[in-house]
Amino acid sequence: MVATYTLGHVRALAGDRILEDRLISVVDGRIEEVRSHPAGFRADIDGRGMLCLPGLVDLHSDALAREYRPRPGAFLPIDLAMQAAEGNLLAAGVTTAFHAVSFQLKSAVGIPIGSPRAPDVHDAVNNYRDPRMDHRVLHRLDVRCRGGVEMFRERLGTGHIPLVSYEDHTPGQGQYRDRTVMERWLREAQHMDARSAADHVDRLISERDEELPFRVETLAWLGELAAAKSIRLMGHDPVTPKEVDELIERNASIAEFPTTLEAARHASMRGISTVAGAPNVLLGRSHSGNVSALELARAGVLDILASDYLPSSLLSAAFELARLGHATLPAAIAMVTVNPAVAAGLHDRGVLEAGYRADVVLVADAHARPRVIQTLSAAA
């Protein structure tokens with residue numbers, strides 16, 4: 001990685017404006033200056049009038065999980081998966097990614113996942129050699145899974161301050177508050193017949209009720225860790241204003257993927273950040289039947305976009321919000337740069353200003369969709 005260079009003749013995003021013909025000077029991986037490009041000065045990199053944005057910050061990326069397990073039961077070498085995911089993310093303009101790692105013994109729909117792999121993936125992310133971007137872990141914690149919680153306990157105190165998303169995907173609440181959504185997934189993805197899918201969901205509900213005391217204990221423990229600033233906490237799939245209040249009582253600062261407009265509005269009113277999936281924006285709806293991200297944007301209660309399962313969706317979704325008039329382009333770009341950075345406690349990136357990390361993306365924006373031409377990362 002080149003740590004010192006000049007980037008010239010770019011249209012640079014600065015706050016709520018786009019400034020024409022700018023020169024960006026980078027020294028040792030930090031932005032030293034952003035100013036008008038002097039006549040006759042030849043920069044190391046000629047931006048040729050392209051749009052220059054801060055590197056994208058992705059709070060929830062499944063890119064690594066999809067490279068590591070491209071098919072059920074097929075696990076590729078984790079170092080190869082890291083390289084492939086890194087390439088995909090950089091091609092999408094992402095310079096900081098929180099890789100979603102699920103600390104659980106079963107999938108969200110109760111299918112055993114075999115040998116637990118979360119510790120191996122966690123360690124691979126934190127110990128990745130010669131990174132071309134900043135790799136971090138999003139610790140997804142199933143609050144009813146004793147084995148998963150124990151795996152997470154063993155990883156506390158290693159790497160960065162953990163970003164933790166607590167979730168309860170058992171049927172009847174959250175993303176699967178309508179049990180028929182889970183039944184449909186079991187029929188389509190697990191090839192169950194209707195009777196088997198219904199029986200499977202009945203069994204999950206029974207097991208869920210048995211683990212209610214452990215759930216209460218786990219949530220109280222996470223709240224204590226968040227209060228002590230040992231973790232940064234977000235709540236996954238809040239449905240009601242009451243659930244938002246509960247996650248705030250646990251010292252969580254982010255409502256991740258609220259499933260209803262009411263929950264998102266309440267989170268905004270209470271002053272915590274809301275996250276929606278960028279693919280949701282491009283689809284125009286939630287693929288699981290929850291509130292549309294476009295509806296959240298229209299209501300002014302959308303703060304952050306995450307790529308979820310599709311890295312290429314992040315930048316396109318921001319431009320789509322601007323195209324539809326749900327946000328100005330600078331405000332929409334903030335949803336994939338400075339807003340997620342601040343929410344994650346990373347105050348050294350997300351804007352093109354002196355002193356910040358030189359995570360920079362060059363974008364061609366003359367076409368129907370933005371095209372990432374080059375990603376320049378300060379690396380980790």
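The values are calculated or read from the model by the stated rules, or taken from the named source; none is laboratory data. Predicted model, so just to flag it, every value in this text is computed and none were measured. Cβ placement follows ideal geometry from the backbone for every residue including glycine, while neighbour counts extend to all protein chains displayed. Quick note on the areas: whole protein, heavy atoms, side chains included, nothing else; ligands and nucleic acids left out. Shrake-Rupley method; radii C 1.70, N 1.55, O 1.52, S 1.80 Å.
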How many residues does region 257-281 hold that are assigned to a helix (DSSP H, G or I), under 21 Å from L324 (Cα atoms) and open to solvent by less than 30 Å² (accessible area, probe 1.4 Å)?
6
Checked region 345-373 for anything open to solvent by 70 Å² or more (accessible area, probe 1.4 Å), closer than 21 Å to G8 by Cβ and in contact (Cβ under 8 Å) with a residue 40 or more places away in the chain; matches are E353, I373
Going through region 199-246 one residue at a time, which ones are in contact with a Leu (Cβ under 8 Å, 6 or more places away or on another chain), modelled with pLDDT under 95 and hydrophobic (A, V, I, L, M, F, W, C)?
V201
Taking G159 as the residue in question, decide whether it is modelled with pLDDT under 75, open to solvent by less than 30 Å² (accessible area, probe 1.4 Å) and out of contact with any Cys (no Cβ under 9 Å at 6 or more places or on another chain).
no
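For (1) within 30 Å of I78 (Cβ to Cβ); (2) open to solvent by 50 Å² or more (accessible area, probe 1.4 Å); (3) among the aliphatic types (A, V, I, L, M); (4) in a loop (DSSP other than H, G, I, E, B), each residue gets a yes or a no:
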position	(1), (2), (3), (4)
E20	no, yes, no, no
V26	no, no, yes, no
R35	no, yes, no, no
P38	no, no, no, yes
A43	no, no, yes, yes
R48	no, yes, no, yes
L53	no, no, yes, no
H60	yes, no, no, no
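This table checks each residue for (1) in contact with a Ser or Thr (Cβ under 7 Å, 6 or more places away or on another chain); (2) among the hydrophobic types (A, V, I, L, M, F, W, C); (3) in a helix (DSSP H, G or I); (4) free of Cβ contacts under 8 Å to residues at least 60 places away in the same chain.
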{"position": "F214", "(1), (2), (3), (4)": "no, yes, yes, no"}
{"position": "T218", "(1), (2), (3), (4)": "no, no, yes, no"}
{"position": "W221", "(1), (2), (3), (4)": "no, yes, yes, yes"}
{"position": "G235", "(1), (2), (3), (4)": "no, no, no, no"}
{"position": "V239", "(1), (2), (3), (4)": "yes, yes, no, no"}
{"position": "E243", "(1), (2), (3), (4)": "no, no, yes, yes"}
{"position": "I248", "(1), (2), (3), (4)": "no, yes, yes, yes"}
{"position": "N251", "(1), (2), (3), (4)": "no, no, no, yes"}
{"position": "A255", "(1), (2), (3), (4)": "yes, yes, no, yes"}
Residue count, region 75-105 (criterion: open to solvent by 30 Å² or more (accessible area, probe 1.4 Å), within 22 Å of F152 (Cβ to Cβ) and of a type in the set (G, A, S)):
1
